[in-house]
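The values are calculated or read from the model by the stated rules, or taken from the named source; none is laboratory data. This structure is a prediction, so every number in the text was calculated from the model and none was measured. Here the Cβ is made from the backbone with ideal geometry for all residues, glycine too, and neighbour counts use every protein chain on show. Just so you know, the surface numbers come from the protein's heavy atoms only, side chains and all, with ligands and any DNA or RNA stripped out. Shrake-Rupley method; radii C 1.70, N 1.55, O 1.52, S 1.80 Å.
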Amino acid sequence: MTESNGTTGQVPPPEGGQAPEAAPRRKRAFRPEIQGLRAFAVLLVAIYHIWFGRVSGGVDVFLMISAFLMTLSFTGKIERGVRIGWTELTKYWFHVFKRIMPLVAIIVAGSLVLTRLFMSPDRWLSIMHEAFSVTFYYENWFSIVNAVDYYASDSGAASPLRHFWSLSIQGQIFIMWPLLFALGSLLVRKMGTKVRPVLATIFAVVFVTSFAFSVYYTYSNQTAAYFNTFARLWEFAMGSLAAIVLPWIRVRTGVAAILNWVGLLAILTCGALLDVEGQFPGFIALWPTLAASFIIICGQSTTKWGADRLLKWKPLVWLGSNSYGLYLVHWPLLVFYLTITGREKAGFFSGVVLLALSIGLAYVLTKLVDTPIRKWKWAETKRWRAGVVILGCIALGVGSVLAWQARIAYVTHKIEANADKNNPGAEILDPDYTYKGDDNPGLLPTALTRSNDFAEVNGLGQQCDKDKDFKKDMHGLSGGECYRVVKQDHPSKHVVAVGNSHTEQWMTALKQKAQDDNWDLTFVRHPGCFFTSTQDNWFSGACQEWLPQAEDAIQDWHPDNLVIQSTFSSYDGAAEGIREGTEDQVRKWTSEGVGVIGIRDNARFAQSHTECENKNSFEDCTFPHATAGTEDPTSAWRTEIPGYGSLDMDDLVCPDGACPPAVGNIYTYIDDNHLTATYVRSMQKFFDQRYDDAAQVSEDAMAQAGGQPS
C-alpha cells in the first residue's frame, strides 16, 4: 500500500546473470494505471465497509501491488550488480518504515483519544492492547489470539484499529521479502546464473507452499486463516512473480484491453459475487489477485476503449496518491460515527459524508505529514536518522498508551486507597450504617476493570482433576467443570455448588464463608447449562451430557449442602419463574439427606447499565425488574419440602424496588445479567447471615421430618 508508484521500464537481465557494478540505472517510467488501481481497490474497501459491512477483496489487491513494486526495485538492483547484503537490507528497512510509520502513529494516537471520549470504558483496555500490536506490526496475530470476528455485523462494536491487520502483514512482508532477495542475490553470485529465473524459482516455491497451506487452513479454521501471515504469503508471491516475468510477456493491444476490462470487472464484482467472508484467503482469493495481475501485466493498452484509460483518469490517479491515508482513516471514522450514533450501519447520505471526510483527511495527512517525511533529505541520508523518525513514531503510539494507562493507574490507586471509607457497597443498606466518606468519590470496580470483575477472575481454586488430594470419581466431568474452591484438613462441612455463571457469581461470597466456617467447598459448573432436567437443557447436547455426570458425581460425594440456582429471571426483565426440573432436583436431594440451598436468580435486563450509561445520565440507568420488591417464588418450599432453604439477595441488588447501576459507590453489574465480584464481596455480611438462616431452616425441617443431613 505504501511502495512508490508503478513503473514499466525494466533492465533486461544480462548474460551470466549480472551486469557489471557500473551498469547505468535506467529510470523507471510512471505507470498511472497502477496508481489508479490502488485508488480503485481502496475505494472498494471503503465502500464495502461503510455501506455493506462486508469485505470486498480490495485488500488482496493491495497486498499484491505492494509486493509487485518492491520486487521491481530489488530485481533491478540485483540486475545492476548491487549486492543485497546487510547494508542494503538495513537501508531498505529503515527507509520503508520511516515512510509508513508516521501516519500509523498519528492514527493510533488519534484513535486512542477518540476511544477515551466516545467509547465505553469496558472497551478501553482491549483497544490499548491492540494499539501496541498495531505500533509493532503484529495486529493480525493479536486478532487471532483474541478470536476477533472481522465480519461482525455491527461495525460500531468493532475496534477502530481492526483494519491494521493487513498493514501488519504488509509490515512483516517488508521484513521477510528482502531476505528472500538477499538469498536470490547470493545464489546469483555463487551460481553465476541469471537473476530472474533464480528469483522466479524462489517465489514460485513460496507461492506453492503458502497457497497449499492457505487452502488447507482456510478450510479448517477460516477465521484465523484470514489474519494468518503464512496463509497470505502467496498473494505477495504472486505480485513478485508478476514483476519478475513482466519482461518476458508480450500481450497484443486488443487482448490487453480486453484483459484489463476482465480484471477490473472481476475486482469490482469480487465482494458481491464471492463469499469473501467465509472463503478467503483460500483458493477463491485467486479471483481478485489474478484480476489485478491481468491489469499489471497488460499495462497500458493504448486503445481508446481499454479499462486502463479509466484507471489513468486523473482524479483516480490523484486518489491513488492518497490511498494509504484513505485506507488508514476511513475505518476509524466509520467506527466512531457508528459508536456515537448507536447505529450498526451507515445510511446513504451519512456514508457519502464519511467517505468525503475520509478522502479530505487522507489528503491533509498525505500533504502535511506523509509527503514531507518522504522527501525529507535529512532523514534519508543516514540510517540512524531514519531510525530517529521510527523511534519517534513508536514513542507517539506507545507513549499515548502508556500515558493513558498511567493516568488510569493514578486514578484507580486514589480510589482504592480510600475504598474502606468511600465504597461501602451493600453495607450502606444496613440501617445502622452511616456514610462518612467523600462527596462524589469514584466507583469500584473502576470503569476499566468493571467488565472483568467476576468470580472466576478472582480465582475458583484448583481444578478437581489436578488436585492430588481429590480422590473422588469425576464421572466424566472435565477439569474445567469441577473446582476445589476451598479444601480443609478437617472440614466441618462439605458443600457443593452446582450450575452455570449465575451460581458462579456467588462463589466470591461462598468461598469466603467456606474459609471462615472451615468447609470443604466444591464447585461443579458448565457455562449456559441448568441443573434441572435434560428436557430443560434441550438447547445443548453438551448440557444434556453434563447434567447426569454432575448428578452422579454429587451422588457419590453426598455433601452436607447442595447450593443451586432456584429461579430464573427473564432476559427482558419482565418476569421470573422456576425452570422445569428444579423442584424435582430439590426433592431428589433432600430425600437423600442433602440439605439444598436455593439462591434466587438476580435480575437480568434488556441492556446493560454500562450501555445505558454511555447514552444517558447515570441517574437515568436505574432499571425496573420483576424481582425487585417481590417474594422469592420458592419461599413456600421451605415448609413444603423438608431440607430446602431459600436464599434471596435481590433486595440488596435492587433496593427500593429498582436496580441502580451502583449501590454504595460500587457497581452492581458487569453486564446485563452478572453481578460484579466487588459488589458480591460487599454483601458478605448479609450473605453469611442469610445462608445460615437458610441452612438452619433446611436442617430443622429435615429433622422434624425424621431425616438427618449427612
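Descriptive notes on the structure:
- Note on the chain: Cα-only Rg and Dmax are 32.3, 106 Å.
- The range 358-442 - charge dipole about Cα centre, Lys and Arg +1 at Cβ, Asp and Glu -1, debye rounded to 20: 1340
- Dipole of the chain, positive end: most advanced residue of PRO642, ALA455, LEU334 [Cβ charges, Cα centre]: LEU334
- Using θ = phi - 60° in the Karplus curve 6.51 cos²θ - 1.76 cosθ + 1.60, the 3J(HN,Hα) couplings for the range 384-393 round to 5, 5, 4, x, 5, 4, 4, 5, x, 5 Hz; x is entered for Gly and Pro.
- Distances between placed amide hydrogens fall under 5 Å for GLY643 paired with ALA701, MET702, all partners being 5 or more residues away or on another chain.
- The H on the amide N of LEU675, modeled in the peptide plane, is under 5 Å from the matching H of ILE670, each at least 5 residues off or on a different chain.
- When both bridge partners sit in the chain, DSSP labels roughly 40% of those beta bridges antiparallel.
- Solvent-accessible area per residue, Å², over the range 554-625 with all protein chains present [probe radius 1.4 Å]: 40
- Local charge for ASP692 was computed over the other residues whose Cβ lies under 10 Å away, with Lys and Arg +1 and Asp and Glu -1, and equals -1.
- Between the range 204-255 and the range 430-503, the C-alpha centres lie 50 angstrom from each other.
- In Hz, Karplus ³J(HN,Hα) per residue of the range 363-371 (6.51, -1.76, 1.60; θ = phi - 60°; x = Gly, Pro): 5, 4, 5, 5, 6, 8, 10, 5, 5
- Cα gyration tensor category, rounded, prolate or oblate, for the range 183-307 with a/c compared to 1.5: oblate
- Helix-only [θ]222 nm of the chain, DSSP H runs n ≥ 4, -39500 (n - 2.57) each, per residue, nearest 500: -17000 deg cm²/dmol
- Global form of the range 313-395, assessed from the alpha-carbon gyration tensor, a/c cut-off 1.5: oblate
- Sulfur and carbon atoms: percent of accessible area, the range 500-598 [1.4 Å]: 46
- Loop-located chymotrypsin sites (Phe, Trp or Tyr not before Pro) in the range 382-439, at most 13 other Cβ atoms within 10 Å (DSSP): TYR433, TYR435
- Accessible surface ranking that places the most exposed of TRP305, TRP51, TRP546 first, with a 1.4 angstrom probe: TRP305, TRP51, TRP546
- Under 14 Å, Cβ to Cβ, from SER533 - net charge with Lys/Arg +1 and Asp/Glu -1: -3
- Angle in degrees between helix 58-79 and the longest Cα principal axis of the chain, rounded to the nearest 10: 40
- Cross-link partners of LYS468 among lysines, defined as those whose alpha carbon lies under 27 angstrom from its own and excluding same-chain residues fewer than eight positions apart: LYS487, LYS493, LYS511, LYS513.
- Using alpha-carbon coordinates, inclination of helix 195-220 to the longest axis of the chain, degrees: 20
- Globularity index of the range 193-235, i.e. its alpha-carbon radius of gyration over 2.2 N^0.38 Å: 1.37
- Whole-number accessible area per residue in Å² for the range 238-360, which is evaluated in the context of all protein chains at 1.4 Å: 44
- Protein accessible area in the range 125-251, 1.4 Å probe - carbon and sulfur %: 69
- Of the trypsin sites (Lys or Arg not before Pro) in the range 377-475, the ones in a loop by DSSP (not H, G, I, E or B) with at most 16 other beta carbons within 10 Å are LYS382, LYS436, LYS468, LYS471, LYS472.
- With every protein chain in place, the range 307-383: carbon and sulfur % of accessible area (1.4 Å): 69
- Phi angles across the range 669-679 convert, under the Karplus curve 6.51 cos²θ - 1.76 cosθ + 1.60 with θ = phi - 60°, into 3J(HN,Hα) values of 10, 8, 8, 8, 7, 10, 7, 6, 5, 5, 6 Hz, Gly and Pro given as x.
- 0 to 90° range, to nearest 10: angle between helix 541-557 axis and the chain longest Cα axis: 40
- Over the range 413-475, the pair-distance histogram of Cα-Cα distances with 5 Å bins from zero comes to 3, 14, 15, 15, 13, 10, 7, 8, 8, 5, 1 percent, rounded to whole numbers.
- Remark: accessible surface ordering of ASP308, ASP520 (largest first) is ASP520, ASP308, probe radius 1.4 Å.
- Taking Cβ separations below 4.7 Å as the criterion for a possible disulfide partner, the isolated cysteines in the chain are CYS270, CYS298, CYS393.
- Å² per residue, accessible surface of the range 39-155 at 1.4 Å: 31
- For the range 398-552, DSSP calls about 45 percent of its internal beta bridges antiparallel.
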